[in-house]
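Please treat every number below as a calculation from the coordinates, not as lab data. The model shown is predicted, which means the values in this text are computed figures rather than measured ones. Note that we place each Cβ from the backbone using ideal geometry, even for glycine, and neighbour counts take in every protein chain shown.
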Amino acid sequence: MPDLHLHSPGHHKRFRVTNNSCPDPGSSARTFGLAAARQPVAVTSCMSISKTSSVVTLPEAEKPYPSILDFFTQAFPGISRETWARRITEGKVLDDNGSPIAANTEYVPAKRLFYFREVENEPVIPFAETILFQNAEILVADKPHFLPVIPGGRFVNECLLNRLRARTGIADLTPLHRIDRETAGIVVFSVNRKTRGLYHALFMQGKVAKTYLALAEFLLPPQASRWVIENRIVRAEPRFKMKIVPGIVNARSTIQLLDTRENRGLFQLSPVTGKTHQLRLHLSTLGFRILNDRVYPELLAQREDDFSNPLQLLAKQVRFQDPVTGRGMEFTSGRELHF
């Protein structure tokens, strides 16, 4: 079958939130029990509290400045004003010195405030991650399906990052890239802050070779066995979904059909870029729907996770030249798709 080359001709919020370690973990964090927060077990009306803080930088604003409570209420509309008021009263919002702020604390642009994410009835993901490699610079993990890489939405402690922080005791562990919550496979973390930029540059400059496997279904037999896809991907509505639009190319993938059985195919995917949902969208563009994909090509009704039917997409392998040792590094997931 011939190769096909597809090409589509042709991009903030005012505040910034990042995960961070507590500015002074030995002080105020203890006063409200964050150091003793536990991994959720049985899900029965319990509150999960992040063991590490997130930081928000107050943006420039017109005078008169809003109150701190007004800012948090407007910046995080998914959390009620009453909840933020309670957190501030209970000393769960800290300043740069690790001291709790008060409801009447002055709003100062560029000031950093730290808070600990809370969710009620956090779902528990009943699958374990595997550590494939660890040295003084990086840690390589094999992530199960359904587990997010970092905290977000309903997940605080049930994410790969916080599981690994608890397991290794490395509070400064940071992912160098991400894969979707629904996707399983290889994720590389930085262990050493001093060399983090060297490894991050590998991913930013496209010097990490990534190989994925996917099982997808099709209505008609494929007319080619290899495709090169180049197009532009941007956010759609709802915000977690992506779409292809005309414009400057920002997403590139090579896709190869390895085998077929009835109306299903086993595909090898090599992303050149790393846009959100890139591989799922590129396969869908070819008319191939990844098995158990509830977002592409059409968004299906929201439901609880079906652990018996994971998305059939696997980050199988990464390869790169280590910027510290100069050695070639290759890591392969031990997980498999069931073809």
For Gly185, list long-range residues whose amide hydrogen, built 1.01 Å from N in the peptide plane, is under 5 Å from its own amide hydrogen.
Lys143, Ala315
Residue by residue through the stretch 218-223, what is 3J(HN,Hα) from phi via Karplus (6.51 cos²θ - 1.76 cosθ + 1.60, θ = phi - 60°)? Round to whole Hz and write x for glycine and proline.
9, 7, 10, x, x, 9
What list of ³J(HN,Hα) values in whole Hz, one per residue of the stretch 147-159 in order, does the Karplus curve 6.51 cos²θ - 1.76 cosθ + 1.60 (θ = phi - 60°) give from phi, with Gly and Pro shown as x?
8, x, 6, 10, x, x, x, 7, 10, 10, 8, 7, 9
Could you give me the ³J(HN,Hα) list for the stretch 130-137, computed from phi with Karplus coefficients 6.51, -1.76, 1.60 and θ = phi - 60°, whole Hz, x at Gly and Pro?
10, 8, 8, 7, 7, 9, 6, 10
Compactness relative to 2.2 N^0.38 Å, alpha carbon Rg of the chain:
1.09
Dipole of the chain, positive end: most advanced residue of Gly274, Leu161, Leu257 [Cβ charges, Cα centre]:
Gly274
Taking +1 at the Cβ of each Lys and Arg and -1 at the Cβ of each Asp and Glu, which of His177, Leu147, Val93 sits farthest along the dipole of the stretch 74-190 towards its positive end, judged by Cα position relative to the Cα centre?
Val93
In the calculated pair distance distribution of the stretch 126-175, what percentage of Cα-Cα distances lie above 18 Å?
24 percent
Rounded, prolate or oblate: which one fits the stretch 66-219, using the alpha carbon gyration tensor with axes a ≥ b ≥ c (rounded when a/c is under 1.5, else prolate when a/b beats b/c, else oblate)?
prolate
Unit charges on C-beta of K, R, D, E only; dipole of the stretch 123-332, Debye
600 debye
Quick check: net charge around Gly247, other residues with Cβ under 15 Å of its Cβ, Lys/Arg +1 and Asp/Glu -1?
+4
Sort Ile244, Ile88 by Cβ crowding within 10 Å, fewest neighbours at the top.
Ile244, Ile88
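When a/c is below 1.5 the answer is rounded, else prolate if a/b is larger than b/c, else oblate, so apply that to the stretch 194-339 with a ≥ b ≥ c taken from the square roots of the Cα gyration tensor eigenvalues.
prolate
Which value, in debye to the nearest 20, gives the size of the charge dipole of the stretch 32-190 about its Cα centre, when Lys and Arg are +1 and Asp and Glu are -1 at the Cβ?
That gives a dipole near 240 debye.
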